[in-house]
1. Test of the criteria: in segment 218-290, which trypsin sites (Lys or Arg not before Pro) are in a DSSP loop and have at most 15 other Cβ atoms within 10 angstrom of their Cβ?
2. I want to verify a result. In a Gaussian network model of the chain, Cα cutoff 10 Å, which of these has the top mean-square fluctuation: 73, 143, 381?
3. Would you mind calculating the relative contact order of the chain from Cα pairs under 8 angstrom and at least 6 residues apart, reporting the percent as a whole number?
4. Given +1 on the Cβ of Lys and Arg, -1 on the Cβ of Asp and Glu, and no further charges, what dipole in debye does the chain carry about its Cα centre, rounded to the nearest 20?
5. So for segment 262-395, what are the equivalent ellipsoid semi-axes in whole Å, largest first, each being the square root of 5 times an eigenvalue of the Cα gyration tensor?
6. Where only protein heavy atoms count, and the probe is 1.4 Å, what is the accessible area per residue for segment 258-397 in Å²?
7. Could you tell me what percent of the accessible area of segment 10-259 is made up of carbon and sulfur, with a 1.4 Å probe and every protein chain present?
8. Return a whole-number percent for the relative contact order of segment 104-228, with Cα pairs under 8 Å and 6 or more residues apart as the contact set.
Amino acid sequence: MPGPKDPPGSSTRAVHGGEREGRPRVSDSLTTPIVQTSTFWFRDTQELVDYQEGRYASFEYGRYGNPTVRALEEKLATLEGGEDCLVSASGMNSITTLLLALVPEGGHIVTTHDCYRRTRQFAQTVLPKMGIRTTVIDPSDLEGLERALAGGATLYFSESPTNPYLRVVDVPRVAELCRAAGAISVIDSTFASPVNQRALDLGADVVLHSATKYIAGHNDVLCGALVGHSARIGPVRDLHGILGGVVDPHAAWLVLRGCKTLALRVERANATALRMAEFLSEHPRIARVHYPGLSSHPDHEIARAQMQGYGGVVSFEVDGGLETASKLVDALRLPYIAPSLGGVESLVEQPTVISYWDQTPEQRAELGILDNLIRYSCGIEDADDLVADLEQALDRI
Ligand code: PLP
């Protein structure tokens with residue numbers, strides 16, 4: 001099948017994007033080769049000058065680009081429907097480089113509660129060194145956003161869905177408010193993946209992924225990605241070339257391979273998580289389930305309007321405290337007790353014991369992290385087995 005440049009199906013784009021057209025052919029290899037080099041050579045000075053002036057398409061040095069990495073960038077750009085993509089060594093590297101590049105010294109940003117802890121720490125401990133202040137609002141607080149924008153905020157950054165309560169931001173509305181105020185809207189779409197949500201189509205300026213999660217999908221590699229208009233991505237790419245958080249070509253190749261099964265994996269995880277959320281919400285030992293696919297979730301209607309699936313993560317509160325929650329986690333036989341999400345293996349964690357272990361109970365309470373909370377990331381195992389495992393574990397607490 002000769003690949004059209006923009007085939008309509010996201011699975012077709014995930015398999016062929018960035019790899020059929022434009023990439024250099026090496027020994028007729030069907031898959032994109034791992035170009036394991038730190039530097040690129042020029043046959044003579046004229047070729048170098050042609051490269052500098054854009055007449056000869058090549059690469060110069062690994063910190064500024066690499067063919068394997070570029071194929072991944074083109075694939076992710078086509079998956080998210082954006083003009084340009086920059087991948088880097090981790091999701092955190094994408095976040096920090098983006099904020100440093102796009103927020104001016106002395107600037108003001110808006111973020112939302114319930115976000116990845118390291119993002120919050122960066123905003124609270126590093127950005128103030130550049131005089132950048134952060135207003136934190138509830139994911140549904142549009143008035144708070146309007147106030148912050150009126151007060152001079154120039155960038156809005158939120159996960160959607162958020163971590164760990166899976167709140168969903170009304171992306172079209174937020175993007176509209178930001179656009180009207182001349183501010184940049186950035187959506188961390190890690191929990192959704194490009195299969196469940198296309199934030200750029202919804203109006204966001206930049207979409208961000210910890211590609212470590214669903215996109216790579218096998219719990220074996222770290223990677224981050226930003227997609228958007230080249231006017232937004234360009235300055236981040238320039239700073240990335242200085243800061244140097246590049247993804248290794250071999251890691252990029254693993255992510256390229258993960259992309260090809262992205263839709264299959266995400267559709268399976270969506271279906272399993274919805275089943276698990278429904279099962280848990282009926283169970284007498286469960287106090288509360290947080291899953292945007294349930295009508296009881298505060299943002300269910302927003303999620304229904306803007307997402308194609310609700311994701312593979314379910315957060316829930318056990319009827320009891322920290323010890324009961326740990327007992328349940330320990331009674332599970334299939335998921336690994338581990339941080340992260342979005343891979344083929346199911347993972348389970350108690351935010352209190354893993355990401356927020358170093359916080360006092362008061363600090364956790366302030367952040368809304370409950371002792372009885374469990375976050376479960378559905379892998380691609382059989383749903384029957386995962387639900388049966390949960391059932392036997394609940395019977396034993
Ligand atoms: N964004 C979200 C929503 C995350 O959950 C994470 C990590 O868990 C990150 C960003 C950071 O990504 P990485 O671990 O690839 O640096």
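The values are calculated or read from the model by the stated rules, or taken from the named source; none is laboratory data. Worth saying up front: this structure is predicted, and the values here are computed from it rather than measured. Cβ placement follows ideal geometry from the backbone for every residue including glycine, while neighbour counts extend to all protein chains displayed. What goes into the accessible areas is simple: the full protein's heavy atoms, side chains included, and nothing from ligands, DNA or RNA. Shrake-Rupley method; radii C 1.70, N 1.55, O 1.52, S 1.80 Å.
1. 285
2. Maximum fluctuation in the GNM of the chain, among the listed residues, is at 143.
3. 16
4. That gives the chain a dipole magnitude of about 640 debye.
5. After diagonalising the Cα gyration tensor, the semi-axes are 22, 18, 15 Å.
6. 44
7. Using a 1.4 Å probe with all protein chains present, segment 10-259 comes out at 52 percent carbon and sulfur.
8. 20
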